[in-house]
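Student: Let me give you the structure first, and then I'll get to my questions.
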Amino acid sequence: MPAMQVKAIGQFPKLLDQFPFPTLVSSAFLKLGDMFRSSPNSMRYHIAQVFESSQHHLVQVTHTEELLKRVISVLYSNDPIARVLALRLIGNASVVFARYPEAQHGVFLRYQSTHPLEIAATVQTTELMLKYSPELLNIVWETIISKANDSKVPDP
């Protein structure tokens, strides 16, 4: 069953490219958000890949806040790998998520982590969010400088 789910998830980009209707796009991303919230990390990885390859369709999602709620819950998980995958997905969806304070706060909270992969994912997600919301730099600048000077943080 999981192999069939992975195959089905992998077909989403092709489906969205063939039928780029706002209702279909919204429904597909909301379904992916549900799956991301309730799936194991192996499935979350594939869902994050779909968000990356189909990010040009995200602007058609009509219920962006609802999608964010479904994804951001994983960001508060006890599992650092799940949080890294959530950061990756949020970064790939920055075109629509960057302006939401919930996304900004969730990402910036991850700077407190001691997990090296999580810190690297947080820096990468922040960089992607800044592309769509440059004023965030005023908020996160001191934290970025502090982490950049921290010898325990790996290079992204």
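Student: On the accessible surface of segment 35-156, probed at 1.4 Å, how many percent belong to carbon and sulfur atoms?
Tutor: Details: 3350 of 6290 Å².
C and S atoms contribute 53 percent here.
Student: Taking the chain as a Gaussian network, Cα atoms linked when under 10 Å apart, which of Ala103, Ala28, Ala48 shows the biggest mean-square fluctuation?
Tutor: Ala28
Student: Sticking with this one: Work out, step by step, the length gained on full extension between His56 and Leu15: first 0.36 nm times the residue separation, then minus their alpha carbon distance; give nm to one decimal. Don't jump to the answer; show the numbers that get you there.
Tutor: Details: separation 41, 0.36 × 41 = 14.76 nm, distance 1.34 nm.
In short, 13.4 nm is gained.
Student: What do you get for the angle between helix 116-132 and the principal long axis of the chain? Use alpha-carbon atoms, 0 to 90 degrees, nearest ten.
Tutor: 70 degrees
Student: A follow-up question, please. Around Val61, which amide H atoms from residues at least 5 apart in sequence, or from another chain, sit under 5 Å from its own amide H, with H modelled in the peptide plane?
Tutor: none
Student: Order 82-93, 115-126 from most to least packed using the mean count of other Cβ atoms within 10 Å.
Tutor: Going from most to least packed, we get 82-93, 115-126.
Student: May I pose another question? Work out the charge dipole of the chain with +1 on the Cβ of Lys and Arg and -1 on the Cβ of Asp and Glu about the Cα centre, then indicate which of Met43, Leu117, Ser77 is farthest towards its positive end.
Tutor: Met43
Student: While we're looking at this one, here's another question. In debye to the nearest 20, how big a dipole does the chain give about its Cα centre with +1 on each Lys and Arg Cβ and -1 on each Asp and Glu Cβ?
Tutor: For the chain, the charge dipole is close to 360 debye.
Student: Next question. Let me know the number of lysine pairs in the chain closer than 26 Å at the Cα, not counting same-chain pairs under 8 apart.
Tutor: 7
Student: So, one more: Determine the relative contact order of segment 3-73: mean sequence separation of Cα pairs under 8 Å and six or more apart, normalised by residue count, in whole percent.
Tutor: 45 percent
Student: Follow-up question, since we're still on this one. At 1.4 Å probe size, what's the solvent-accessible area of Phe21? Round to the nearest 10 Å².
Tutor: Spelled out: Phe21, probe radius 1.4 Å, area about 120 Å².
Student: Compare the Cα positions of Gly33, Gln11, Gln60 along the charge dipole of segment 1-147 (+1 at Cβ of Lys, Arg; -1 at Cβ of Asp, Glu; about the Cα centre) and return the one farthest towards the positive end.
Tutor: Result: Gln11, furthest along the dipole toward the positive end.
Student: Considering Cα pairs under 8 angstrom that are at least six residues apart, work out the relative contact order of the chain and quote it in whole percent.
Tutor: Dividing the mean separation by the residue count of the chain yields 19 percent.
The values are calculated or read from the model by the stated rules, or taken from the named source; none is laboratory data. A quick note: this is a predicted structure, and the numbers were derived from the prediction, not measured. Cβ sites come from the backbone with ideal geometry, for glycine too, and all protein chains shown count toward neighbours. These accessible areas exclude ligands, DNA and RNA; they are computed on the full protein's heavy atoms, side chains included. Shrake-Rupley method; radii C 1.70, N 1.55, O 1.52, S 1.80 Å.
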